[in-house]
Each structure stands twice: as C-alpha cells, then as structure tokens.
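Participant: Pasting a structure here, questions to come.
The values are calculated or read from the model by the stated rules, or taken from the named source; none is laboratory data. Computed from a predicted model, the values in this text were never measured in an experiment. Backbone-built Cβ (ideal geometry, glycine too); neighbour counts: all protein chains shown. Heavy atoms of the whole protein, side chains included, go into the accessibility calculation; ligands, DNA and RNA do not. Shrake-Rupley method; radii C 1.70, N 1.55, O 1.52, S 1.80 Å.
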Amino acid sequence: MAKHFLLLNLKVVSFCCAVLAFESSPMQDFCVADPASTVKVNGLGCKDPKSVISEDFFFSGLHFAGNTSNTFGSKVTRVNATQIPGLNTLGISLARVDYAPWGVNPPHTHPRATEIFTVLEVSLQVGFVTSNPENRLITKVLKKGDVFVFPIGLVHYQRNVGYGNAVAVAALSSQNPGIISIANAVFGSEPAIATDILAKAFPVDETVVAQIQSKF
C-alpha cells in the first residue's frame, strides 16, 4: 500500500513539474518582428532569420526634440518593437521625453514594465504613489545626470521645474510596456463610466463629473 502511494505521489510531482516548466529566456538569437505574420504569440511573429538585416536593429532620430506645443507641455517619443523590429521578444524598450518649461507628463502607469528614468537636461520633479492602503507619494527633484526608478504598475508623473526645456530618457522592462493615463482612463473611457459611480469615488457632485468628462 505504501509503495503504491509513493509511486502515485511521484507521478503527481512529475506531472506538475512537466506542466509548470517553461523557458523564460529566448530560444534563439533574436525574433525580428514580422508585422505581416498571422502567427499569434506573446509579441509578434518572427521574420525569417535569413532575411534579417541591420536595419531591423536600428532606429535614428532620438536626438530630435519632440513637439511640446500641447496641453501638457510634454512629448514622449517611443522606441519599441514597432520602431525597432529586432526588439521583439527581448523585453526592453526606450523613450525620449521632452518638456516645455513647467510642462508635465501627467499621472499614468505602465501595466507591464518597470521604468528607469534618466534626466539629460534641466531639472524634473518626479514621483510615484504606492498601492493601497498607504497611497504614499514618493517624490524627488532630479538634476541632470540623476536616475530614478518607477516600479511596475504604480502611478507616476514628471514635471519640469527648471529653466528652459528639459529632456529625459526612460528605459522600460518590456517591448510593449503599455500606458494608462489616469485622467483619460477614468474620465475619457468609451463608453463613459456612469457619473454617479465617479461622484461617489472622488467624492464630488455628479455635475462636476459630467463637466470633467466633457473635456475628454
């Protein structure tokens, strides 16, 4: 009886290990994105390695300033697998962020990536908010050459507090970090979240909610 029980346990353990085993690292040198591929994977289908060229791993133009003539006074220039097909499946991407004087990159989250942020020019106030129930704001003023980390999924922002145009570069731990702008998600969803729900959540009068929603 004991022998049969031991054999049964070994079979269960073997089955579990076989089911749970996976390879977290790439199984080839690269998987250059093929937008025309109909293969559905966690990313994009791979281009034939024999047709891969140097341009698949290259992007030019990050030295150009983004146009900050908008409501926020900021512009994000993304460099991900769309711009560099060779990034596909490698789990990393990049962005340049430009800020007009007192421009902001408003509160947002990246659901799939941690961000490491480096200031190249002027000074930026940055911050992120910890999760419930503490909701603690962790903030710091960064100067040229300073580096700051925004943990995955947490709401964060930046604001130019220096004189002149500011520039920063962000590296993210996903080829497709995703971005959820808090104001857009809450007040600009399609279809709209019911005003009575948002009125209770904030809390404000429903007319205030409707007024804010009308701006999105």
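Participant: Determine, yes or no, whether ASP146 is touching a residue at least 60 places away in the same chain (Cβ under 8 Å), among the acidic types (Asp, Glu) and open to solvent by less than 80 Å² (accessible area, probe 1.4 Å).
Facilitator: Judged against the criteria, ASP146 is not a match.
Participant: Anything in segment 88-109 that is open to solvent by less than 10 Å² (accessible area, probe 1.4 Å) and either at pLDDT below 95 or in contact with a Phe, Trp or Tyr (Cβ under 8 Å, 6 or more places away or on another chain) (or both)? List them, or say none.
Facilitator: The answer is ASN88, GLY103, HIS108.
Participant: Would you mind finding the one in LEU137, LEU120, LEU124, LEU154 that is more than 15 Å from the chain's Cα centre (by Cα) and open to solvent by less than 60 Å² (accessible area, probe 1.4 Å)?
Facilitator: Among LEU137, LEU120, LEU124, LEU154, only LEU124 is more than 15 Å from the chain's Cα centre (by Cα) and open to solvent by less than 60 Å² (accessible area, probe 1.4 Å).
Participant: When residues of segment 70-87 are filtered for being assigned to a loop (DSSP other than H, G, I, E, B), of a type in the set (A, V, I, L, M, F, W, C) and surrounded by fewer than 19 Cβ atoms within 10 Å (Cβ to Cβ), how many remain?
Facilitator: Filtering segment 70-87 down to residues assigned to a loop (DSSP other than H, G, I, E, B) leaves 70-73, 80-84.
From what is left, the residues that are of a type in the set (A, V, I, L, M, F, W, C) are 72, 81, 84.
After this cut, where a residue has to be surrounded by fewer than 19 Cβ atoms within 10 Å (Cβ to Cβ) as well, the list is 72.
Matching residues across segment 70-87 total 1.
Participant: Which members of segment 158-216 meet the condition of being surrounded by 15 or more Cβ atoms within 10 Å (Cβ to Cβ) and of a type in the set (D, E, K, R)?
Facilitator: ARG159
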